[in-house]
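Enquirer: First the structure, which I've put down as structure tokens, then a few questions once you've had a look.
The values are calculated or read from the model by the stated rules, or taken from the named source; none is laboratory data. This is a predicted model, so every value here is computed, not measured. For neighbour counting, all protein chains shown are included, and Cβ atoms are generated from backbone atoms with ideal geometry for every residue, glycine included. These area figures cover heavy atoms from the full protein model, side chains too; ligands, DNA and RNA do not enter into them. Shrake-Rupley method; radii C 1.70, N 1.55, O 1.52, S 1.80 Å.
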Amino acid sequence: MNAAMAAELRRAPHLRTPVSVPVLMRRVLYALVPALLAYTWFFGFGLVFNIAAAVAAALATEAACLRLQRRPIAIALSDYSAVVTGVLLAFALPPLTPWWITALGSTFAIGVAKHAYGGVGNNVFNPAMAGYVALLVSFPDQLTNWLPPRMGDIDYEGIGLLANLRFMLSGGLPDGYTLDALTRATPLDLMQTELGDMRMVAEIRNSSLFGDFGGRGWEWIGNFVALGGFWLLFRGVIRWHIPVGMLGGLVLSASLFYLYDSANFPSPGFHLFSGGALLCAFFIATDPVSAATTDRGRLIYGAGIGVLTYLIRTWGSFPDGVAFAVLLMNMTVPLIDRYTQPVAYGTREPRS
Amino acid sequence: MNQPLLYNRQPPRPAWGVRVDPRKTLSTSEPIVAAPLPTQVQLPLELGPERRAQAVVAPGDYVYTGQPVARLETGARNVVCASISGRVAAIRPGPIPGPGPRVAECIVIDSDGQDRRHADCVPAGDPARLAAARLRELIAQAGIVGLGGAVFPTADKLGGSQPVDLLIVNGAECEPYISCDEMLMRERAAQVLDGARIMLRALGCDRAVVAVESDMPAARLALRAALDADRDPRLDIAEVTAKYPAGGERQLVELLTGREVPAGGLPRDVGIVCQNVATAAAVSELFRTGCPLISRIVTVTGGGILNPVNVEARLGAPLADLVAAAGGYTTTNCDLVMGGPMMGMALAGDRLPVTEATNCLLVAAPGELSDAQPGYPCIRCAECSRVCPARLLPQELLVACDTQDPDRLEQLHLDACIECGCCDYVCPSRLTLTPVFAQAKIRQRAHREQQRQARLAQQRSEARNARLAAAEKRYADGPAPDAGEAALTDLLARVEQRDERGDGG
Amino acid sequence: MIEAVLVMAGLALLIGTGLLVTGARLGATGADAAVDRINQLLPQSQCAQCGYPGCRPYAAAILRDEAPINRCAPGGDPTIAALARLLQRSPQPLDTDYGTHQPARVAVIDEALCIGCARCLEVCPVDAIVGAPRFMHTVLAAQCTGCELCLPPCPVDCITLEPAGADT
């Protein structure tokens, strides 16, 4: 027997699941494909370029950080975690974002939010959201360059593939186009500004930007995000606790205020299908490294994100609160984990 | 204890545990075969941690099959029986299966090929009429130990002072590949039930349930048929979901009764005793034929075996004999594992003897077991805590083991770890968890003992300081009025009084 | 302006009360409790190698910040690590001026040489030596902490330290 010669015998267990970290990360990427297609349909090829810039910068930063720490590069790059970070950051950015902003965000996400804390597995904050927030507070204007969705009855003024690419690379637009003419406020933005101007929800919703629940086009993307999310749940890549907690927290707090005063507080459906709520619930909050680890803890963590998102959207100065909510809840994770430790088998205190 | 129902016939589906490809059908297509009589057996004298038996025979002695050849003075499992007849060739150290290559003192017997039964090996009488204590004594003298893998002395488990209200006969063999208990139940269901009945009497308990897994319908049907035939209302069958490690003793207790065995305790502490089905069959065998524990059924299986099958082998027979009985190896570079792939021990070769704990010999073809693969850092996915049957947080435990923080390990209940290997199995980062926990448990025990000693030393030191301080104080206060002095003054006063009365003269 | 001051004052009062109540419930009050908690982490060999007459005095010195946490030779690195965790300081290597860490040992009296002088009885900090003047003494191995304090007073050098757990 060959083992007879080996001084070190293998230790039990002798079987392992084939699902490794790269497999999990690849599945997350697959699950984002439907959302990517829907996104591209409604907003053009901006996202594809964003992804290219973000992923390239993420991989380069990851390799550079590992090199500086003299850690093996090949195996760390092969786990796809930097790719996922880049892709998620790209999803959060508007289609018309100059490439260097995207790359900067990606570099911040990997270099500061991830490697400054010790690399994959040790980061306290969700890298993609940390990168997004860094960009949001540094370049607030550039991050509002959202296009109107491609729907027949909105006065749609599209931008071609090449024109989009050119803008990202050089910031220039074809003759006759201006940024102001091209871009539109997002439904969340519009709702927040108009409510601030003392208008009623029903009035605001008359705008052609709004669909059945959230923004037109946006709600369709939401459906495809959820589709990918359900697939992740089905494949066991993520567990139900965080999405349920997050969406539950958001919908419950929205319902509460909607029932209290439906003229001034938009419906829970609007919140659910607007901005990054669904993407966050299935893809961002579920990042295992920066999330709570116990089942009860994950419900609390998710619910915290949902409630904070609602609070920031409703009373904050930014239209969407998902990123801030995630970062705030990231900080509470050690505390949540400590207080939700399950009672181990046979260690229950005897009832007295 | 007359609760109407002590256990679930259809226990809940556990949230913990893993589903692993069972691969039991590899070895269940053919009936149990008897291995040819070995030409030599090697019986280890080391029966467990701190249980070392003394040989009662000398090299050159002739021994009969079933004759006690070694005794243990303490504990109930007090004999090792010869598993063949022949001459004692030597008493010398030999390799035994264990974690890493291990060597222990062994009695080596050369077979005379006759298999002559010892004269004492006759049924001791109807077990239904024997006293419980006598039953336990006979079981101990037959060298019967738990055949599920833990080799705990059966008589010890059947004795004890706490009341028992349920005997679980464990046939829920949850490890992949292993099918020896399933085949035993299929072929000898009546014997299992008979053994269960005898153990009930030895326990003074009136309820026994045989636990089988949901993926062994043939075994359940055989048990059901045997149960219908003997109409004993005290016996029953329960079916647990086929999920690893549902057949673990503590897990089975929880699934069947909802009770939890306290950490560091035994099922006995919650009124339950678990015995393996093979142990029950061995007890029945003892009382029906008089034969002590000299053999066991071993699943010889895996891609490296030509004809995987369950083999009934004499204890002490070389594993190579079992491989031969199963058709031999298919390739030359197989991995040998004693036990299943989840908790089994890798073996260095097939020159080792069959012991009471050998429930399976897994001969894995190259690539059949998972090879060491590149590991990634922990991503805190918590799959390990989702599958942990002890509801631990392995990802946190691993950090605490790395930093060697004894208080944190205590707080995370490292002791409740049953080393089932589920966390390693699901870990997408391919981290080594169970072996680290096993080592940390040993360190933790040493640490606790040190703490205990430190507390005692502290008490003694404080007592001494208090004593010295008290002595110091006495010295500083000067000599206290002495009781003797007081008595003397008293006496002198009385003498004076007497003199004054003048009744001296 | 006044509202802000009131709000802040109110918050301070609220949080202060909360902390007070929690602190009282946790029950850790006074320096004695703190010394006890440090003392719990020391190996209780009472060997005085740290320069203090026993483990508790050393614990008290640590609390008063008179002594660093790296002077306990019998405890070695694990003890220093535990102290560092409790006191939230960074662990330091053992200060070898105060002895080196060795595996656990126990004192053994060579009973053939013992003259029964009883001097070792007096110095044993944990009462682990039994005997009486003019009678042979012996060390209770299970109680001995291996502090070596009995070695210097012995006039005939009949006490040696042997690895703990060897047959006694």
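Enquirer: Could you tell me whether any residue of the range B:468-487 is at pLDDT 85 or above, surrounded by fewer than 20 Cβ atoms within 10 Å (Cβ to Cβ) and in a loop (DSSP other than H, G, I, E, B)?
Expert: Within the range B:468-487, none of the residues are at pLDDT 85 or above, surrounded by fewer than 20 Cβ atoms within 10 Å (Cβ to Cβ) and in a loop (DSSP other than H, G, I, E, B).
Enquirer: Something else now. Which members of the range B:338-348 meet the condition of being within 7 Å of chain A (Cβ to nearest Cβ), open to solvent by less than 20 Å² (accessible area, probe 1.4 Å) and either closer than 16 Å to B:Ala324 by Cα or in a loop (DSSP other than H, G, I, E, B) (or both)?
Expert: B:Pro341, B:Met342, B:Gly344, listed by residue number.
Enquirer: Among the residues of the range B:94-111, write down those that are more than 18 Å from B:Val56 (Cα to Cα) and open to solvent by 50 Å² or more (accessible area, probe 1.4 Å).
Expert: Listed by number, the residues that qualify are B:Pro95, B:Pro99, B:Pro101, B:Arg102, B:Val103.
Enquirer: Further question on the same structure: So, in the range C:89-112, how many residues would count as being touching a strand residue (DSSP E or B) at 6+ places or on another chain (Cβ under 9 Å) and at pLDDT 85 or above?
Expert: 5
Enquirer: Here's a follow-up. Please pick out the residue among C:Asp36, C:Asp77, C:Asp95 that is among the acidic types (Asp, Glu), within 14 Å of chain B (Cβ to nearest Cβ) and either open to solvent by less than 20 Å² (accessible area, probe 1.4 Å) or under 28 Å from B:Asp402 (Cβ atoms) (or both).
Expert: C:Asp77 is the lone residue from the list that is among the acidic types (Asp, Glu), within 14 Å of chain B (Cβ to nearest Cβ) and either open to solvent by less than 20 Å² (accessible area, probe 1.4 Å) or under 28 Å from B:Asp402 (Cβ atoms) (or both).
Enquirer: Only residues that are part of a strand (DSSP E or B) and either closer than 21 Å to B:Ser461 by Cβ or open to solvent by less than 50 Å² (accessible area, probe 1.4 Å) (or both): list them for the range C:119-168, please.
Expert: Answer for the range C:119-168, where residues must be part of a strand (DSSP E or B) and either closer than 21 Å to B:Ser461 by Cβ or open to solvent by less than 50 Å² (accessible area, probe 1.4 Å) (or both): C:Ile129, C:Val130, C:Thr138, C:Val139, C:Ile159, C:Leu161.
Enquirer: Can you name the condition, by its number, that B:Ala325 falls short on among (1) more than 7 Å from every other protein chain (Cβ to nearest Cβ); (2) small (Gly, Ala, Ser); (3) buried (at least 24 other Cβ atoms within 10 Å of the Cβ)?
Expert: It fails just one condition, (3).
Enquirer: Restricting to the range A:306-352, and then to whatever is open to solvent by 20 Å² or more (accessible area, probe 1.4 Å) and aromatic (Phe, Trp, Tyr), can you tell me which residue is farthest from A:Ser274 (Cα to Cα)?
Expert: Among them, the one singled out is A:Tyr339.
Enquirer: Return the only residue of B:Glu368, B:Glu312 being in contact with a Gly (Cβ under 6 Å, 6 or more places away or on another chain), touching a residue at least 40 places away in the same chain (Cβ under 8 Å) and either assigned by TED's automatic domain parsing to the domain that holds B:Glu30 or within 17 Å of B:Ile178 (Cβ to Cβ) (or both).
Expert: Exactly one residue qualifies, and that residue is B:Glu368.
Enquirer: Might you check whether a residue that is modelled with pLDDT under 95, within 7 Å of chain A (Cβ to nearest Cβ) and either part of a loop (DSSP other than H, G, I, E, B) or out of contact with any strand residue (DSSP E or B) (no Cβ under 7 Å at 6 or more places or on another chain) (or both) occurs anywhere in the range B:435-446?
Expert: yes
Enquirer: A further question follows. So if I check each of B:Ala53, B:Ala34, B:Ala70, which one is surrounded by 15 or more Cβ atoms within 10 Å (Cβ to Cβ) and closer than 23 Å to B:Arg116 by Cα?
Expert: B:Ala70
Enquirer: If only one of A:Thr107, A:Thr102, A:Thr85 is open to solvent by less than 20 Å² (accessible area, probe 1.4 Å), more than 14 Å from every other protein chain (Cβ to nearest Cβ) and either in contact with a Pro (Cβ under 6 Å, 6 or more places away or on another chain) or in a helix (DSSP H, G or I) (or both), which one is it?
Expert: Going through A:Thr107, A:Thr102, A:Thr85 in turn, just one is open to solvent by less than 20 Å² (accessible area, probe 1.4 Å), more than 14 Å from every other protein chain (Cβ to nearest Cβ) and either in contact with a Pro (Cβ under 6 Å, 6 or more places away or on another chain) or in a helix (DSSP H, G or I) (or both): A:Thr102.
Enquirer: For the range A:204-211, state whether one or more residues are at pLDDT 85 or above, open to solvent by 70 Å² or more (accessible area, probe 1.4 Å), assigned to a loop (DSSP other than H, G, I, E, B) and more than 28 Å from A:Ala53 (Cβ to Cβ).
Expert: So far as the range A:204-211 goes, no, none of its residues is at pLDDT 85 or above, open to solvent by 70 Å² or more (accessible area, probe 1.4 Å), assigned to a loop (DSSP other than H, G, I, E, B) and more than 28 Å from A:Ala53 (Cβ to Cβ).
Enquirer: Select, from B:Val18, B:Val63, B:Val69, the only residue that is in contact with a Pro (Cβ under 9 Å, 6 or more places away or on another chain) and β-branched (Val, Ile, Thr).
Expert: Checking each option against the conditions leaves just B:Val18.
Enquirer: If we only count helices (runs of 4 or more DSSP H) wholly inside the range B:381-424, which ones have 2 or more residues that are under 23 Å from C:Pro78 (Cα atoms) and either more than 7 Å from chain A (Cβ to nearest Cβ) or in contact with a His (Cβ under 7 Å, 6 or more places away or on another chain) (or both)?
Expert: Answer list for the range B:381-424: B:394-403, B:406-411.
Residue-wise test of (1) over 30 Å from C:Asp157 (Cα atoms); (2) assigned to a helix (DSSP H, G or I); (3) in the same structural domain as C:Ala164 (by TED's automatic domain parsing).
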| residue | (1), (2), (3) |
| --- | --- |
| C:Ala9 | yes, yes, no |
| C:Leu19 | yes, yes, no |
| C:Gln40 | yes, yes, no |
| C:Ala59 | yes, yes, no |
| C:Cys72 | no, no, no |
| C:Leu83 | yes, yes, no |
| C:Cys117 | no, no, yes |
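Enquirer: Of the conditions (1) surrounded by fewer than 24 Cβ atoms within 10 Å (Cβ to Cβ); (2) under 18 Å from B:Gln162 (Cβ atoms); (3) at pLDDT 95 or above; (4) not hydroxyl-bearing (Ser, Thr, Tyr), B:Gln275 fails just one. Which one is it?
Expert: (1)
Enquirer: Could you tell me which of the residues B:Pro101, B:Pro95, B:Pro127 is in contact with a helix residue (DSSP H, G or I) (Cβ under 8 Å, 6 or more places away or on another chain) and either acidic (Asp, Glu) or in contact (Cβ under 8 Å) with a residue 60 or more places away in the chain (or both)?
Expert: Criteria check complete, one pass: B:Pro127.
Enquirer: Additional query: Pick out the one residue from A:Asp261, A:Asp287 that is crowded, with 17+ Cβ neighbours inside 10 Å and either over 21 Å from A:Leu143 (Cα atoms) or without any contact (Cβ under 8 Å) to a residue 60 or more places away in the chain (or both).
Expert: Residue meeting the stated conditions: A:Asp287.
Enquirer: Something else about it: Give the range B:350-378 a look and list any residue that's more than 24 Å from the chain's Cα centre (by Cα) and at the interface with chain A (Cβ under 8 Å from one of its Cβ atoms), or say none.
Expert: B:Ala364, B:Leu369, B:Ser370, B:Ala372, B:Gln373, B:Pro374, B:Tyr376, B:Pro377, B:Cys378, listed by residue number.
Enquirer: Kindly indicate whether A:Phe273 is outside the structural domain of A:Pro95 (by TED's automatic domain parsing), within 17 Å of the chain's Cα centre (by Cα) and modelled with pLDDT of 95 or more.
Expert: So A:Phe273 fails the test.
Enquirer: Could I ask something else about it? As an exercise: evaluate B:Ile442 against (1) closer than 29 Å to B:Leu252 by Cβ; (2) open to solvent by less than 80 Å² (accessible area, probe 1.4 Å) and give the number of the one condition it does not meet.
Expert: All conditions pass for B:Ile442, except number (2).
Enquirer: Filter the range A:8-26 down to the residues that are open to solvent by 20 Å² or more (accessible area, probe 1.4 Å), in contact with a Phe, Trp or Tyr (Cβ under 8 Å, 6 or more places away or on another chain) and outside any loop (DSSP other than H, G, I, E, B), then identify the one that is nearest to the other protein chains (Cβ to nearest Cβ).
Expert: Among those residues, the one meeting the criterion is A:Met25.
Enquirer: Go through (1) within 22 Å of B:Glu249 (Cα to Cα); (2) open to solvent by 20 Å² or more (accessible area, probe 1.4 Å); (3) at the interface with chain A (Cβ under 10 Å from one of its Cβ atoms); (4) without any contact (Cβ under 8 Å) to a residue 60 or more places away in the chain one by one and return the number of the condition B:Arg430 breaks.
Expert: Just one mismatch for B:Arg430, condition (1).
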